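For reference, the structure discussed in these notes is given below.
The values are calculated or read from the model by the stated rules, or taken from the named source; none is laboratory data. Small disclaimer: the values here were computed from a predicted structure and weren't measured. Don't worry about glycine lacking a Cβ; one is built from the backbone with ideal geometry, like all the others, and counts go over all protein chains shown. The protein model used for the area step is the full one, side chains on, heavy atoms only, and it has no ligands, DNA or RNA in it. Shrake-Rupley method; radii C 1.70, N 1.55, O 1.52, S 1.80 Å.
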Amino acid sequence: MLKGKKIVLGITGSIAAYKACYIIRGLIKAGAEVQVVITPAGKEFITPITLSALTQKPVVSEFFSQRDGTWNSHVSLGLWADAMLIAPCTASTLGKMANGIADNMLITTYLSMKAPVFIAPAMDLDMYQHPTTQQNMQRLLSFGNQIIEPQSGFLASGLEGKGRMEEPEQIVAYLDNYFEPKDLKGKKVIITAGPTYEKIDPVRFIGNYSSGKMGFALAEECARRGAEVTLIAGPVSIQCSSQIHRIDVESCEQMYHAATENFLHADAAILCAAVADFRPEHIASEKIKREKDDLVIRLKPTYDIAAQLGQMKQENQLMVGFALETNDEEANAHKKLEKKNLDFIVLNSLQHKGTCFQSDDNQISIISREGQQDYDKKSKQQVAKDIVDELSKRL
């Protein structure tokens, strides 16, 4: 899908800059045309002559390459490209991009870019985890940029953790996937994500550990493939792309009303939220004081969103559910598939360490009336692709 595509490759001052050579080779092998824009710090890690030899194009670094009045036009690059890829992208460049600090050719090219922008961060684990870095990435996502998540592994500091730039072949595959035909174009998909909070009193609630990462990854994947996405999100701090219509809710009741209202005109629903099954029978108007040790809170069931949508579902609509089980996993998933009138169900398991709640990874099985497909552990972005592939086939 990259054949004939024009790619601006931005390279910043990271030890991972040498991997840009493999990215260039992969893009050109796939038929793309590559123009490198490198920061001054990037040239300390890899030479422009190496990059020029690979791309067969002069490398752009400075605004003015000669003293004869000629200059490099970031505006022209923004109009020329079908996509911009920044790999590796340092914490410094992330911050400049998020805040519009146009002090080098790469940033001005980014600010002039009319095409989609893909960012592959690379930095030490502490820098990656720092709140400012996370905030900058969320802001860039909200602008419509796409983040190619770094991986965990051995870092230049000698430490081991998340911050290692995604491997070149995976980055090339990510861009190749982006240019695939928009198989969900014209389809309307609603997605629920995150937990719900059920109030006990003004300061306490019943909830769960859901981070919303899986649901948000599904929303981004559906939007990337052309769907009109409505994301009904519980109380989470994750940002999403601007093309996604987001509805923020807190309780199951609020999510229920948003889901039933939007499902009427949807082609499909992906029910990924970890909705609380019970809520307090009575919500205290004031904070409950600790006066005795045998406090009893009576609970009653919340709305069953999946069951209600299953009753509403028309022949031309599809429903995807999720099941997180602690025992008799497959049997319970099959029961839920039938009871809720789902087309297929995604089974998670707490048996797989480092997946499910709060994790960046997941390991799933897709269960339908036709059979079961088991998948390896992957990032939630890759898991989202597997799930949406299955949805697309059925739509």
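Odds and ends about this structure:
- Which listed residue is surrounded by fewer than 13 Cβ atoms within 10 Å (Cβ to Cβ) and either outside any loop (DSSP other than H, G, I, E, B) or in contact (Cβ under 8 Å) with a residue 24 or more places away in the chain (or both), from SER359, SER285: SER285
- Pairs linking a residue in region 97-111 that is in contact (Cβ under 8 Å) with a residue 12 or more places away in the chain and of a type in the set (Gly, Ala, Ser) to a residue that is open to solvent by 10 Å² or more (accessible area, probe 1.4 Å) and not in a helix (DSSP H, G or I), with Cβ atoms under 9 Å and 6 or more positions apart or on different chains, are ALA98/PHE143.
- Meets criteria (in a loop (DSSP other than H, G, I, E, B), farther than 16 Å from PHE322 by Cβ and touching a residue at least 40 places away in the same chain (Cβ under 8 Å)) for SER210: no
- Meets criteria (in contact (Cβ under 8 Å) with a residue 12 or more places away in the chain, out of contact with any helix residue (DSSP H, G or I) (no Cβ under 7 Å at 6 or more places or on another chain), outside any loop (DSSP other than H, G, I, E, B) and more than 11 Å from ALA193 (Cα to Cα)) for GLU253: yes
- For THR47, the stated conditions do not hold, so it cannot be described as of a type outside the set (A, V, I, L, M) and either surrounded by 22 or more Cβ atoms within 10 Å (Cβ to Cβ) or in contact (Cβ under 8 Å) with a residue 24 or more places away in the chain (or both).
- Of the candidates ALA276, ALA269, ALA331, ALA306, the single residue that is part of a strand (DSSP E or B) and either at pLDDT below 95 or surrounded by 15 or more Cβ atoms within 10 Å (Cβ to Cβ) (or both) is ALA269.
- Residue match in region 123-133 (condition: open to solvent by 10 Å² or more (accessible area, probe 1.4 Å) and touching a residue at least 60 places away in the same chain (Cβ under 8 Å)): yes
- Selection from region 143-175 of residues that are in a loop (DSSP other than H, G, I, E, B), modelled with pLDDT of 90 or more and either under 15 Å from LYS19 (Cβ atoms) or among the acidic types (Asp, Glu) (or both): ILE148, GLU149, PRO150, MET165, GLU166, GLU167
- Test: ILE148 is open to solvent by less than 10 Å² (accessible area, probe 1.4 Å), touching a Lys or Arg at 6+ places or on another chain (Cβ under 7 Å), over 30 Å from LEU299 (Cα atoms) and not charged (D, E, K, R): no
- Going through (1) open to solvent by less than 50 Å² (accessible area, probe 1.4 Å); (2) under 18 Å from ILE367 (Cβ atoms); (3) hydrophobic (A, V, I, L, M, F, W, C) one by one, MET312 falls short only on (2).
- Residue list for region 233-248, filter: open to solvent by less than 20 Å² (accessible area, probe 1.4 Å) and at pLDDT 95 or above: ALA233, GLY234
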